[in-house]
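Just below is one structure, and these are the notes that go with it.
The values are calculated or read from the model by the stated rules, or taken from the named source; none is laboratory data. Nothing here was measured: the structure is a model prediction, and the numbers come from that model. Positions of Cβ are backbone-derived with ideal geometry, glycine not excepted, and every protein chain shown enters the neighbour counts.
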Amino acid sequence: MEVLVLRQLDPAAPARLRAADGSPAITGWALDPLIRHLNHGSFGGVPNVALAYQQAVRAQMESAPVAWFPPLPQRIAGVRGQLAPMLGIEPDRLALVPNASGGASVVFNSIQLSDGAEVLVTDHGYGAVTMGAARAARRVRGQLRVANVPLEADEDASFDAVWAAVTDRTELIVIDHITSPTARRLPVGRICAAARARGILTLVDGAHAPMMLPTAIADADADFWVGNLHKYGCAPRGTAVLIARPEVADLVYPLIDSWGGDLEYPERFDHQGTVDLTSWLAAPTALHYIEDTFGWDRVRSYTSDLAAWAQASIVDALSRSFGVDCSVEVGMPIGPIRLVKVPAPLAAAHLSANGLRDRMIAEAGIETAFTSFAGQGYFRLSAHAYNTTDDYIDFIERAIPLLVKWAHESNPEPPTINPEERREQ
């Protein structure tokens, strides 16, 4: 009964986005309609028009590879010229890379740290990037330092927590624009400005930020900034950007030495040998599709409203089902990505969180993200244009009973639900 009322009467539920012909937004994507896609944030979703364009240019490549590859760098340069205005950046500051982690690896492998230097990260960092930062420190017999930022910390407290970990040996700060495990922002602009005043290099991992934050690159003003276009931007996977300040751009080189090695930045990144770069060529088609069909401002507003509604609805339902408060305080929240606390022992560690994700796909056909931070598990929802309130109502109807069941399997004590709440459900 509760869910039925939620479906029919909730005035706060955002109306779904539709294309100009009135069709639901999801018809523009190749996503399986039998699966609930509640985790756009991990691997994105590519519009049909971009997939069709990528398929067409890949067919050209396969039909005449010798004619295809020699002029490819010029085509990549043209793509950079199309993407740069949409990201608010000049084309000569933008290089294309396979993903944000790959861009971070470029920086780690290109810059020269002093012997014994320290690299500073936070406890909210993306695991693969943090591993790369640790290797960069080890190569110079240095140290990786980790700044602990409370999840509920606001901008001032977050800045203070990071800056308190800076020492005289700090030569590189790696900071997330939007954190992956905790779905929050960090004050990257303030940190980068303070670091520059101290002569410390900065690398901002903006994996989720392109198109979600319209002025992300300018706001950070980092020495190096990396971001995926295949997440919120909906470009084909394997498309990301590396942005470098002019003062440090000459430091960075592609991970693969190719025939562009003697060229200036970013042209040297346009030469990738015999790699299939059709995802890069199709990226502008994806970004333009969103703008032309819905408008990026409208998508940002809709997904923020939808995520807020979904978060509140799921927190309420999950709290009732487990008899504990499943809300979470996030100091610098981000609109389309939200957290819901899942009761112990669920998702208490990284591997168990991934296991919960895999089990939800296998048993319910729901693509989700579960994360872990400081021993606490979370359901991370990330909405996009094709999502609707029905997606999250279905999660409440089918996924929450499974979570209760799985928690009971892991814990001999059943969830605490009083009789009145049990009758309501």
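Can you name the residue in segment 115-131 that is acidic (Asp, Glu) and free of Cβ contacts under 8 Å to residues at least 60 places away in the same chain and, of all such residues, is farthest from Arg145 (Cα to Cα)? Break it down into steps so the answer makes sense when it comes.
Filtering segment 115-131 down to residues acidic (Asp, Glu) leaves 115, 118, 123.
From what's left, free of Cβ contacts under 8 Å to residues at least 60 places away in the same chain: 115, 118.
Numbers: Asp115: 15, Glu118: 7 Å.
The extreme case among them is Asp115.
No other residue among Thr285, Thr239, Thr303, Thr278 is crowded, with 19+ Cβ neighbours inside 10 Å, more than 19 Å from Asn99 (Cα to Cα) and among the hydroxyl-bearing types (Ser, Thr, Tyr) apart from Thr303.
Inspect segment 49-58 for any residue being under 21 Å from the mean Cα position of the chain (by Cα), among the aliphatic types (A, V, I, L, M) and closer than 29 Å to Ile175 by Cβ and give the result as yes or no. No, segment 49-58 has no match at all. Of everything in segment 221-240 that is out of contact with any Asp or Glu (no Cβ under 9 Å at 6 or more places or on another chain) and assigned to a strand (DSSP E or B), the residue that is farthest from Gly28 (Cα to Cα) is Phe224.
The residue pairs whose first member lies in segment 28-43 and is charged (D, E, K, R), whose second member is surrounded by 14 or more Cβ atoms within 10 Å (Cβ to Cβ), and whose beta carbons are closer than 6 Å, counting only pairs six or more residues apart or on different chains, are Arg36/Ile366; Arg36/Asp391; Arg36/Asp394. Yes or no: segment 241-255 includes at least one residue that is modelled with pLDDT under 95, assigned by TED's automatic domain parsing to the domain that holds Gly125 and part of a loop (DSSP other than H, G, I, E, B). Yes, the conditions are met somewhere in segment 241-255.
Of the residues in segment 268-275, at least one is more than 20 Å from Pro336 (Cα to Cα) and either under 21 Å from the mean Cα position of the chain (by Cα) or β-branched (Val, Ile, Thr) (or both).
Of Ala218, Ala286, all but one fail to be under 30 Å from Asp168 (Cα atoms) and outside any loop (DSSP other than H, G, I, E, B); the exception is Ala218.
Out of curiosity, is Ser279 under 30 Å from Trp29 (Cβ atoms), assigned to a helix (DSSP H, G or I) and either touching a Pro at 6+ places or on another chain (Cβ under 6 Å) or not hydrophobic (A, V, I, L, M, F, W, C) (or both)?
Numbers: under 30 Å from Trp29 (Cβ atoms): yes; assigned to a helix (DSSP H, G or I): yes; either touching a Pro at 6+ places or on another chain (Cβ under 6 Å) or not hydrophobic (A, V, I, L, M, F, W, C) (or both): yes.
When the stated conditions are applied, Ser279 passes them.
Please tell me if Ile200 is β-branched (Val, Ile, Thr) and either touching a helix residue (DSSP H, G or I) at 6+ places or on another chain (Cβ under 7 Å) or on the phi > 0 side of the Ramachandran plot (or both).
Details: β-branched (Val, Ile, Thr): yes; either touching a helix residue (DSSP H, G or I) at 6+ places or on another chain (Cβ under 7 Å) or on the phi > 0 side of the Ramachandran plot (or both): no.
Taking the combined requirement at face value, the residue does not satisfy it.
Out of Ala20, Ala15, I need the residue that is assigned to a loop (DSSP other than H, G, I, E, B), free of Cβ contacts under 8 Å to residues at least 40 places away in the same chain and small (Gly, Ala, Ser). Which one?
Working: Ala20 fails: free of Cβ contacts under 8 Å to residues at least 40 places away in the same chain.
Unique residue meeting the criteria: Ala15.
Scanning segment 183-210 for residues that are more than 11 Å from the chain's Cα centre (by Cα), crowded, with 24+ Cβ neighbours inside 10 Å and more than 16 Å from Asp156 (Cα to Cα) returns Thr202, Leu203, Val204. Counting only residues that are over 24 Å from Ser301 (Cα atoms) and either out of contact with any strand residue (DSSP E or B) (no Cβ under 7 Å at 6 or more places or on another chain) or without any contact (Cβ under 8 Å) to a residue 24 or more places away in the chain (or both), segment 197-224 holds 4 of them.
Could you look through segment 328-349, keep only residues that are of a type outside the set (Asp, Glu) and exposed (fewer than 15 other Cβ atoms within 10 Å of the Cβ), and pick out the one that is farthest from the chain's Cα centre (by Cα)? Among those residues, the one meeting the criterion is Pro345.
Only residues that are of a type outside the set (Gly, Ala, Ser) and within 17 Å of Ser319 (Cβ to Cβ) were counted in segment 381-404, giving 11.
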